[in-house]
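Here, each number is a calculation from the coordinates, and none is a lab measurement. Just so it is clear, the model here is predicted, and its values are computed rather than measured. Glycine gets a Cβ as well: all are built from the backbone with ideal geometry, and neighbour counts include every protein chain shown.
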Amino acid sequence: MRTQVCIIGGGPSGLLLSQLLHRQGIETVVLERQSRDYVLGRIRAGVLEWGSVAMMEEAGVGARMHREGFVHTGTYLSAQNRGFRIDFDGLIGKKVMVYGQTEVTRDLYAARDAMDGVIVHEASGVQPHDLDSDAPYVTYTKDGTEHRVDCDYVVGCDGFHGVSRKCIPASVLRTFERVYPFGWLGVLSETPPVDDELIYANHERGFALCSMRNERLSRYYIQAPVDDPLEKWTDDAFWDELRRRIPAEAAERLVTGPSIEKSIAPLRSFVAEPMRWGRLFLVGDAAHIVPPTGAKGLNLAFSDVHYLHKALVAQLNDNETEGIERYSETALARVWKATRFSWWMTTMLHRFPDQSGFDQRIQETELAYLESSVAARTALAENYVGLPF
Ligand code: FAD
Ligand code: DHB
């Protein structure tokens, strides 16, 4: 098989890239290791920056998002069970869209199907070759048969554990990492959200976050040790702990019910440089991971897609090389800003095992400063709604 761009990974970034390129007349093949149901079963991000919303529109998949998603003009932060609001709209005239990654992915699959896009599911042993030549290709196995895709470019949209990043020689690749000493225990429940907006809570027992998917579906997280056995967290234990950490009036209103999903995710910051090697480009979690505090992971994957799809269109349709030459540098500048913001939000809102009395006071003061200073709230708002592309 021959195509122009072979995309490894059919998560949100791979599907969006494929869709945007196809709309510009560029052929793609997407190779995904898992089944479609498996990809759609993953409960992950929930908040879209307005730039991501615009990309969904550009990809022709904005209709259901605008119908069913929730536009949020602010969020709550809470310290010691007392909340205060960051008014994105009032401070900088911008907002975000609450629309789950599962729905984003579902809409992108529907759009790819409608355009007869090629997505190979359950492709095993995916392996890129000759990435530093003018004729790269990718091999994979499907139903016991080996296949080969010849292409102009290979794009690694295959997440943190994918094969693409590992193709960059160790002498070229530099990685930067911070692993946080805690995880997030997430619960999805068919209950009405506790508030119209999100609540990010700092508490002496640990961080908590109240989020949502729709009027009948809530998403909650609490900071927990990564190696805690899930059995320890019965639904009752989870709800009791969440109630302790959020503002008192929210705790009183909280409607609880059985969890329909429960999992613990580790938190890390990770950046790989460069994001291009020869004819290989890295996009999204394949190149960088942020801790989820601040909701940047999916949005950062989308901003990479923004830069790369423009660069590939310019190269393949108009023979302009500047975009692809500069892709890594341009994408990394924004990646590092989101990495900084996610690290800062994580540091400000979580309880660290070795937190000293000094660290504790600094954290309290950071939150008090945010509450009292328009400048500080503006900086948070500007980063939360997403820096410009
Ligand atoms: P992915 O979504 O990881 O997609 C990569 C795809 O590549 C997958 O479908 C995978 O099956 C496929 N793949 C992997 N290896 C191969 C291979 N060798 N061959 C073929 N295909 C392959 N962000 C938030 O903002 N908020 C959250 O609450 C949040 N929660 C998260 C929870 C978890 C457990 C994880 C892992 C991430 C979470 N994130 C969250 C981050 C966010 O979901 C990611 O940033 C986003 O999914 C990145 O999209 P992506 O397309 O780059 O990668
Ligand atoms: C959600 C996840 C986040 O990491 C975040 O910062 C906000 C919302 C969510 O899953 O809804």
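Per-residue HN-Hα couplings for the stretch 261-277, Karplus 6.51 cos²θ - 1.76 cosθ + 1.60 at θ = phi - 60°, whole Hz, x for Gly and Pro?
Residue by residue, the stretch 261-277 yields 7, 8, 7, 10, 10, x, 10, 8, 10, 8, 9, 9, 10, x, 9, 9, 9 Hz.
Per the Kirkwood treatment, what hydrodynamic radius in Å, one decimal, follows for the stretch 1-125 from the mean inverse distance over all distinct Cα pairs?
Roughly 16.0 Å, rounded to one decimal.
Taking 7 Å along the Cα-to-C-beta vector as the label spot, tell me the residue 322-residue 240 distance in nanometres, rounded to one decimal.
Rounded to a tenth, the inter-label distance reads 6.3 nm.
In which sequence would 97, 345, 1 go, from the one with the fewest C-beta neighbours within 10 Å to the one with the most?
1, 97, 345
Amide H of residue 62: which non-local residues (sequence gap of 5 or more, or other chain) have their own amide H closer than 5 Å, using H built in the peptide plane?
Under 5 Å from the amide H of residue 62: no residue qualifies.
How high is the FRET efficiency between residue 113 and residue 190 when r is their beta carbon distance and R₀ equals 25 Å, given to the nearest 0.05?
0.35
Looking only at GluC sites (Glu not before Pro) in DSSP loops with at most 16 other Cβ atoms within 10 Å, what is the longest site-free stretch of the chain?
Of all site-free stretches, the longest is 1-121.
Under the rule of at least 5 residues apart or a separate chain, name every residue whose amide H is placed under 5 Å from the amide H of residue 48.
97, 98, 99
Straight distance only, please: which aspartates and glutamates reach the Cα of residue 94 with their own Cα at less than 18 Å, same-chain residues fewer than 8 apart left out?
Of all the aspartates and glutamates, those that pass the test against residue 94 - Cα under 18 Å, at least 8 places apart if same chain - are 49, 57, 196, 197, 382.
Using DSSP to call loops (not H, G, I, E or B), can you name the trypsin sites (Lys or Arg not before Pro) in the stretch 165-215 whose Cβ has at most 12 other Cβ atoms within 10 angstrom?
The qualifying sites are 205.
Can you list residues whose amide H is under 5 Å from residue 211's amide H, if they're 5+ apart or on another chain and H is modeled 1.01 Å from N?
Correct list: 219, 220, 221.
Output the direction-averaged projected area (hull surface divided by four) of the convex hull of the alpha-carbon atoms of the chain, in nm².
Computed as one quarter of the Cα hull surface, the answer is 19.5 nm².
For 387, 198, which order do you get if you count the other beta carbons within 10 Å of each Cβ and list the fewest first?
387, 198
For the stretch 142-152, take each phi angle, set θ = phi - 60°, evaluate the Karplus expression 6.51 cos²θ - 1.76 cosθ + 1.60, and give the result in whole Hz per residue in order, putting x for glycine and proline.
Running phi through 6.51 cos²θ - 1.76 cosθ + 1.60 with θ = phi - 60° gives 9, 6, x, 10, 7, 10, 9, 10, 8, 7, 8 Hz.
Treating the Cα atoms of the stretch 221-376 as identical point scatterers in vacuum, please give the log10 of the normalised Debye intensity I(q)/I(0) at q = 0.12 Å⁻¹, two decimals.
Log-scaled intensity ratios, in q order: -0.74.
Any idea how far apart residue 71 and residue 373 come out in nm if each label point goes 7 Å out from Cα toward Cβ?
Here the modelled spin labels are 3.1 nm apart.
I'd like the chymotrypsin sites (Phe, Trp or Tyr not before Pro) in the stretch 146-199 restricted to DSSP loop residues with at most 15 other Cβ atoms within 10 Å, sorted by number.
Answer in residue order: 160.
On the principal axes of its Cα set, how long, how wide and how thick is the stretch 303-377? Give whole Å, largest value first.
59, 30, 14
Can you list the HN-Hα couplings for the stretch 211-219, worked out from phi with the Karplus curve (6.51, -1.76, 1.60; θ = phi - 60°), rounded to whole Hz and with x for Gly and Pro?
For the stretch 211-219, the Karplus-derived couplings read 9, 7, 10, 7, 5, 10, 9, 10, 10 Hz, x marking Gly and Pro.
Once label points are set 7 Å from the Cα along Cα→Cβ at both residue 265 and residue 92, what is their separation, rounded to one decimal in nm?
2.2 nm
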